[in-house]
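**Q** Can you read through this structure? Questions will come right after.
The values are calculated or read from the model by the stated rules, or taken from the named source; none is laboratory data. What you see is a predicted model; the values in this text were computed from it and never measured. Cβ sites come from the backbone with ideal geometry, for glycine too, and all protein chains shown count toward neighbours. Remember, those area values only see protein heavy atoms, side chains included, never the ligands or the DNA or RNA. Shrake-Rupley method; radii C 1.70, N 1.55, O 1.52, S 1.80 Å.
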Amino acid sequence: MSAPTVPFTGSPAIGLVCRNCSAKYPIAAQHACWECFGPLEVDYDLDKLAKVTRADIEAGPQNIWRYAPLLPAGVDPATRVSLDPGMTPLIDARNLAAALGMRKLWVKDDSGNPTHSFKDRVVSVALTAASQLGFDRFACASTGNLANSVAAHAARAGVPSIVFIPYDLEPGKVTASAVYGGELIAIEGSYDDVNRLCSELTETDEFETTAFVNVNVRPFYAEGSKTLGYEVAEQLGWRLPEQVVIPMASGELLTKVDKAFTELAEIGLVDDRNVRVFGAQSAGCNPIATALHAGTDVITPVKPTGIAKSLNIGDPAAGPYAIEAVTRTGGWMDFVSDDEIRDGIRLLARTTGVFAETAGGVVVATLRKLLETGKLDPEAETVIYNTGEGLKTLDAVAGAPTHQVRPSLKAVREAGLLG
Ligand SMILES: *Cc1c(COP(=O)(O)O)cnc(C)c1O
Ligand SMILES: [Zn+2]
């Protein structure tokens, strides 16, 4: 086989590689292996990665593109299709640690990205690659946040977009996609139905030049999640934490944070250290955690229910790889009920000032459960990921008690509110 071509200027990517059988392919808009139908991921020139220094990265912009030398596309700033997400706060969560009896805990808060979820990272990388590959319309199958991000990126780039969502999403997420002016199509079905439909659409003439960020350019999309690993290491002073807790929908984010930690150690940017990786799901959609608990990596798809809609993928593509990462590192997975999720959102808000969407509630509640069951070490340095913004899922914690009184000092005094 001839050497794979590298169409992206300066990129360390040398091709695509099958996650199952290791078959190699040139850089292209291809997501499945022709030999075994396994998923493809980006393959890098390790020698080139190993030349990247901390100083190179620190000299970069205050966003994900400081890691461009470790990403498949976007080394040349002129090629970027991006809202420039990233470098979100890593918060020292002392009060939350105290509430949970932990020694050292940080919250990586990705709610502050341009469209208020970590999806801006994956979309920026996917669409930068997609535009280099010649696509002229942007699309996705979304559980909500991805649609927000794709529509916004397309608006910034001046490219048409068409995003597909399940019909029963939170109003906040529907509005936050529609406002950017692209096509928004609500499908009468679950996310898994939407995803299947989008896979079919990529095969049609009408969609020949349309990039579905999480379907036909998925290998590039997935790499964007690595930046959530890189940033935590850099923000800790070029050091890896001992434990991380990550929400899972497809399971991709978890596998790529693990990949980022492994890569950083391999290329010498941090000291090697085993990072125990923990996965969090909701009880309404827990196919990955359930498989792990049953001692298998064969995922049985479920029909999702419950309030953590951004995580409601019943047939998670990266599930087996998430189980592999968790098993290899000595982590674990668990899942929590809707009431526990609400409590998790409130606990995080009260102890850190971070208002998370339901996915963040899943992570905090799962952290608590992992501590209670002794799976997670309260003495070890731990980072939890909040991947989305609470204002998009207000209904989850709506109905807070308020005191309504007449506008007079007397009325406020009589209500007994002044302590
Ligand atoms: C999409 C999403 C995730 C999980 O992403 P996967 O990579 O599919 O596991 C987590 N949190 C939020 C808020 C999301 O929107
Ligand atoms: Zn293969």
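**Q** Would you mind calculating the relative contact order of the range 253-362 from Cα pairs under 8 angstrom and at least 6 residues apart, reporting the percent as a whole number?
**A** 29 percent
**Q** Same structure, new question: Looking at the chain only, what percent of DSSP beta bridges run antiparallel? Nearest 5 please.
**A** So the antiparallel bridges amount to about 35 percent of the total.
**Q** Same structure, new question: Charges only on Cβ, +1 for Lys and Arg, -1 for Asp and Glu: so what's the dipole of the range 36-78 about the Cα centre, in debye to the nearest 20?
**A** 160 debye
**Q** Moving on to the next point. What does the net charge come to around Glu266 if you take all other residues with beta carbon closer than 11 Å to its beta carbon, with K and R at +1 and D and E at -1?
**A** -1
**Q** Turning to a different aspect of this structure: Which of Ala59, Leu16, Asn95 sits farthest toward the positive end of the charge dipole of the range 1-123, with +1 on the Cβ of Lys and Arg and -1 on the Cβ of Asp and Glu?
**A** Checked the options; the winner is Asn95.
**Q** Follow-up question, since we're still on this one. Let me check against my output: what whole-number percent is the relative contact order of the range 1-112, with C-alpha pairs under 8 Å and at least 6 apart?
**A** Once divided by the residue count of the range 1-112, the mean separation gives 21 percent.
**Q** Which listed residue (Leu236, Cys285, Asn214) has the Cα farthest towards the positive end of the charge dipole for the range 199-295, taking +1 on Lys and Arg C-beta and -1 on Asp and Glu C-beta about the Cα centre?
**A** In the range 199-295, that residue is Leu236.
**Q** Using a 1.4 Å probe on the protein heavy atoms, what percent of the accessible area of the range 216-264 belongs to carbon and sulfur?
**A** About 52 percent, which is the carbon plus sulfur part of the accessible surface.
**Q** Probe radius 1.4 Å, ligands and nucleic acids ignored: give me the carbon and sulfur share of the accessible area of the range 347-419 as a rounded percent.
**A** With neighbouring chains kept in place, the figure for the range 347-419 is 53 percent.
**Q** Moving to a separate point now. If packing is taken as the mean number of other Cβ atoms within 10 Å per residue, what is the order of 18-26, 70-78, 166-174, highest first?
**A** Most protected by this proxy first, the peptides run 70-78, 166-174, 18-26.
**Q** Over the range 151-300, what is the percentage of antiparallel beta bridges among all DSSP beta bridges, to the nearest 5?
**A** Among the beta bridges of the range 151-300, antiparallel pairing accounts for roughly 10 percent.
**Q** Further question: Under unit Cβ charges (Lys, Arg +1; Asp, Glu -1), what dipole magnitude, rounded to 20 debye, does the range 245-372 have relative to its Cα centre?
**A** Result for the range 245-372 is approximately 300 debye, rounded to the nearest 20.
**Q** Once neighbouring chains are kept in place and the probe is 1.4 Å, which whole percent of the accessible area of the range 93-193 is contributed by carbon and sulfur?
**A** The value for the range 93-193 is 49 percent carbon and sulfur by accessible area.
**Q** Another one. Mind checking which of Pro241, Pro114, Pro61 has the largest fluctuation in a GNM of the chain, springs on alpha carbons under 10 Å?
**A** So, out of Pro241, Pro114, Pro61, the one fluctuating most is Pro61.
**Q** Project the alpha carbons of the chain onto their principal axes and report the range along each, largest first, in whole Å.
**A** 82, 47, 46
**Q** Express the relative contact order of the chain as a whole percentage, based on alpha carbon pairs under 8 Å and six or more residues apart in sequence.
**A** This gives 15 percent for the chain.
**Q** Counting only heavy atoms of the protein chains, get the accessible area per residue of the chain (1.4 Å probe) and round it to a whole Å² value.
**A** In whole numbers, the chain has 40 Å² accessible per residue.
**Q** Considering only C-alpha atoms, what is the centroid distance from the range 189-219 to the range 290-334, in Å?
**A** Each part's Cα centre sits 23 Å from the other's.
**Q** Please compute the modelled spin-label separation between Asp395 and Arg413, points set 7 Å along Cα→Cβ, answer in nm with one decimal.
**A** Between Arg413 and Asp395, the label points sit 4.4 nm apart.
**Q** Between the range 152-176 and the range 14-63, how far is it from one alpha carbon centroid to the other, in angstrom?
**A** Going from one Cα centre to the other spans 28 Å.
**Q** Sticking with this structure for a sec: Quick one: Cα convex hull volume of the range 186-257, Å³ per residue?
**A** Residue-normalised Cα hull volume stands at 110 Å³.
**Q** For the ranges 355-363, 200-208, 219-227, what's the packing order if you count other beta-carbon atoms within 10 Å of each residue, average per peptide, and put the highest first?
**A** 355-363, 219-227, 200-208
**Q** Order of 296-305, 177-186, 123-132 by packing, highest average Cβ count within 10 Å first?
**A** By packing density, highest mean first, the sequence is 123-132, 177-186, 296-305.
**Q** Could you give the size of the charge dipole of the chain about its Cα centre, using +1 on the Cβ of each K and R and -1 on the Cβ of each D and E, expressed in debye and rounded to the nearest 20?
**A** Using only the charged Cβ atoms, the result is roughly 1240 debye.
**Q** Can you give the calculated 222 nm mean residue ellipticity of the chain, where each DSSP H run of n ≥ 4 adds -39,500 (n - 2.57) and the sum is split over every residue, rounded to the nearest 500 deg cm²/dmol?
**A** Rounded to the nearest 500, the figure is -10500 deg cm²/dmol.
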